[in-house]
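The values are calculated or read from the model by the stated rules, or taken from the named source; none is laboratory data. Since the model is a prediction, treat every value here as computed from it, not as a measurement. Virtual Cβ from ideal backbone geometry, glycine too; neighbours counted across all protein chains shown. Each accessible area value is taken on the protein alone, full model and side chains, heavy atoms only, with ligands, DNA and RNA left out. Shrake-Rupley method; radii C 1.70, N 1.55, O 1.52, S 1.80 Å.
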Amino acid sequence: CLLYLSGGSQTLLADKLRHWGIRDWIRKKCLRGSLALAGSSAGCAVLGSEMPYYSDDGDNDEIGTAVGLEILDAAVDQHLWKRNRLQRLVQVLRNSKLTMGLGVDENCMLLIQQVCCDDGTTKVLARAYADRKFKDKLNTNAVIIAEKRSDNSIKLDFKAHNEVFEFPFLSLTC
């Protein structure tokens, strides 16, 4: 089963899914491996534990975070290049207890799926998808993984269209 979360207001989407009890249903299904999630724009941002945002007072220097659906143990941001948000993701990660961040680029989608292994452990696979007609024009990657190191520096890893990678996940054993 696949659930696709589209764009809009990420804080409103996360609040409504939590308020209606849908967040708990989504987490339960994901943790059991019976639901794959896909999201673009705000629908991708809500997959994380923390969602970076700019304050509503018009001052783009004020960066805050809101609680996401907590599917991924990461800060998740979107529209990195077009809206110049890579620095925002890095700043949030540096000030967070989280050690991982995900940035999803313009016209891209992230698919998350938990897979049960033969030994009873779980593995979470993520796949980045980029709209091919825009990928060549933008000349960007689909997903950026930001990893906070022990010295608080940030290592960036760029994932291309259709690339599969493992990612930390809030998981249970199968």
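Remarks
- Gyration tensor verdict on the stretch 1-90 (Cα atoms; rounded if a/c is under 1.5, prolate if a/b is larger than b/c, oblate otherwise): prolate
- Per residue value of the accessible surface for the stretch 1-83 (all protein chains in place, 1.4 Å probe), Å²: 49 Å²
- One chain, two ends: Asp24 and Ser9. Fully extended at 0.36 nm per residue, the span grows by 3.4 nm beyond their Cα-Cα distance.
- Placing pseudo-labels 7 Å out from each Cα toward the beta carbon at Ser150 and Leu2 gives an inter-label distance of 4.1 nm.
- Leu72 long-range amide H proximity, modeled H, under 5 Å: Gly48, Ser49
- Long-range amide H partners of Gly33 with built H, under 5 Å: none
- Within the shell defined by Cβ-Cβ distances under 12 Å, the residues around Glu163 carry a net charge of 0, with Lys and Arg each +1 and Asp and Glu each -1.
- Rounded if a/c under 1.5, otherwise prolate or oblate - the stretch 38-128, Cα gyration tensor axes: prolate
- Ranking of Arg23, Arg18, Arg32, Arg149 by solvent-accessible surface, largest first: Arg32, Arg149, Arg18, Arg23 (1.4 Å probe, protein heavy atoms only, all chains present).
- Count Lys and Arg as plus one, Asp and Glu as minus one, and take only other residues whose Cβ is under 15 Å from that of Leu86; the net charge is then +3.
- Net charge, Cys44 excluded, C-beta distance under 11 Å - Lys, Arg +1, Asp, Glu -1: -2
- Length added when fully stretched, Lys123-Glu62, from 0.36 nm per residue minus Cα-Cα: 18.4 nm
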